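*Asks:* Let me give you the structure first, and then I'll get to my questions.
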């Protein structure tokens, strides 16, 4: 895991550096939809460029007993470190553009035929800068990251709050198998499977607790837009990654300007 280095261009190919230079000269790129673009600019921010971070990571191997339910910490650390590298490199590109933050961030994982135990972790989003010169960076001085859409970003600012960073928690867990005698005794019955229930419960709680710990380090008051996903990533049916992700927020000095909801009648045919 590497530390954040402001305006670092390490690892960025020459074509990428030329792209960033074009952005600095005024030609911005963005993956925001037209509606998102409208509301982000309405909120007082201008896009300054599409920013990307990538890390191809070799994911190690860890063995657990067939009936043991426990975290596979080697895999948990690999999945977290790889995402952290990609997100840090995306932040460094945003800093090179003088951005206050990044909106609409997506985290993807790609796999390739030439490496069964390798995966590319990709972070991509639109770097934005406040038009009025108001600094909206995170308390640690880094550009904020947010996976909120342009519409959600605009709405959040109207509540008197702003994003300070994306926070995440990962837990790769081996869910132990049931023994043959227990399986046979429960066959044909409606009964809870406590070993499975507890394993999944423990894994989700670990991922969520780690996400909350990151938010506390940022001095956030809360986390919005939380998603909790489960994927096996090709490890087999009994090894699952539980991944928690959300946007940490803090209050701003601006007063909330929330308008009352307006009823809308949908005239579309059902």
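The values are calculated or read from the model by the stated rules, or taken from the named source; none is laboratory data. Note that this is a predicted model, so its numbers are computed, not measured. Positions of Cβ are backbone-derived with ideal geometry, glycine not excepted, and every protein chain shown enters the neighbour counts.
*Asks:* Could you check the range 205-251 and list, in sequence order, the residues that are closer than 26 Å to residue 119 by Cβ, loosely packed, with under 14 Cβ neighbours inside 10 Å and more than 17 Å from the chain's Cα centre (by Cα)?
*Replies:* Once the filter is applied, which keeps residues that are closer than 26 Å to residue 119 by Cβ, loosely packed, with under 14 Cβ neighbours inside 10 Å and more than 17 Å from the chain's Cα centre (by Cα), the range 205-251 yields 232, 234, 236, 237.
*Asks:* Here's a check for you: in the range 126-156, which residue that is touching a helix residue (DSSP H, G or I) at 6+ places or on another chain (Cβ under 7 Å) and under 17 Å from residue 88 (Cβ atoms) is surrounded by the most Cβ atoms within 10 Å (Cβ to Cβ)? Reasoning before the result, please.
*Replies:* Looking only at the range 126-156, we keep the residues that are touching a helix residue (DSSP H, G or I) at 6+ places or on another chain (Cβ under 7 Å), and these are 127-128, 142-143, 145-146, 148-151, 153-154.
Still in the running and under 17 Å from residue 88 (Cβ atoms): 127, 142-143, 145-146.
Working: 127: 31, 142: 19, 143: 27, 145: 25, 146: 26.
Taking the candidates together, the pick is 127.
*Asks:* Within the range 26-48, work out how many residues are closer than 19 Å to residue 107 by Cβ and not in a loop (DSSP other than H, G, I, E, B).
*Replies:* Of the residues in the range 26-48, 1 are closer than 19 Å to residue 107 by Cβ and not in a loop (DSSP other than H, G, I, E, B).
Per-residue answers, yes or no, for (1) closer than 26 Å to residue 160 by Cα; (2) modelled with pLDDT of 90 or more; (3) touching a helix residue (DSSP H, G or I) at 6+ places or on another chain (Cβ under 7 Å):
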{"position": "5", "(1), (2), (3)": "no, no, yes"}
{"position": "24", "(1), (2), (3)": "no, no, no"}
{"position": "36", "(1), (2), (3)": "yes, yes, yes"}
{"position": "56", "(1), (2), (3)": "no, no, no"}
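*Asks:* Please work out which residue is nearest to residue 76 (Cα to Cα), limiting yourself to the range 190-223 and to residues that are in a loop (DSSP other than H, G, I, E, B) and modelled with pLDDT of 75 or more.
*Replies:* Among residues in the range 190-223 that are in a loop (DSSP other than H, G, I, E, B) and modelled with pLDDT of 75 or more, the one nearest to residue 76 (Cα to Cα) is 218.
*Asks:* Would it be correct to say that residue 123 is surrounded by 16 or more Cβ atoms within 10 Å (Cβ to Cβ), part of a loop (DSSP other than H, G, I, E, B), in contact (Cβ under 8 Å) with a residue 12 or more places away in the chain and in contact with a helix residue (DSSP H, G or I) (Cβ under 9 Å, 6 or more places away or on another chain)?
*Replies:* Answer is no for this residue.
*Asks:* Oh, and also: I want to confirm something. Restricting to the range 177-189 and keeping residues that are outside any helix (DSSP H, G or I) and out of contact with any helix residue (DSSP H, G or I) (no Cβ under 9 Å at 6 or more places or on another chain), which single residue is modelled with the highest pLDDT?
*Replies:* Within the range 177-189, the match that is modelled with the highest pLDDT is 189.
Residues are listed down the side, and each one gets a yes or a no for (1) more than 26 Å from residue 222 (Cβ to Cβ); (2) modelled with pLDDT of 90 or more; (3) touching a strand residue (DSSP E or B) at 6+ places or on another chain (Cβ under 7 Å):
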residue: 71; (1), (2), (3): yes, no, yes
residue: 78; (1), (2), (3): yes, no, yes
residue: 110; (1), (2), (3): yes, no, yes
residue: 115; (1), (2), (3): yes, no, no
residue: 128; (1), (2), (3): no, yes, yes
residue: 137; (1), (2), (3): no, no, yes
residue: 141; (1), (2), (3): no, no, no
residue: 161; (1), (2), (3): no, yes, yes
residue: 175; (1), (2), (3): yes, no, yes
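*Asks:* Out of 98, 53, 104, 44, which single residue is surrounded by 17 or more Cβ atoms within 10 Å (Cβ to Cβ) and on the phi > 0 side of the Ramachandran plot? Quick ask: steps written out before the conclusion?
*Replies:* Details: 98 fails: surrounded by 17 or more Cβ atoms within 10 Å (Cβ to Cβ); 53 fails: on the phi > 0 side of the Ramachandran plot; 44 fails: surrounded by 17 or more Cβ atoms within 10 Å (Cβ to Cβ).
That would be 104, the only listed residue that is surrounded by 17 or more Cβ atoms within 10 Å (Cβ to Cβ) and on the phi > 0 side of the Ramachandran plot.
*Asks:* Is it true that residue 92 is out of contact with any strand residue (DSSP E or B) (no Cβ under 7 Å at 6 or more places or on another chain) and crowded, with 22+ Cβ neighbours inside 10 Å? I'd like the intermediate steps shown before the answer.
*Replies:* On the way: out of contact with any strand residue (DSSP E or B) (no Cβ under 7 Å at 6 or more places or on another chain): yes; crowded, with 22+ Cβ neighbours inside 10 Å: yes.
Judged against the criteria, residue 92 is a match.
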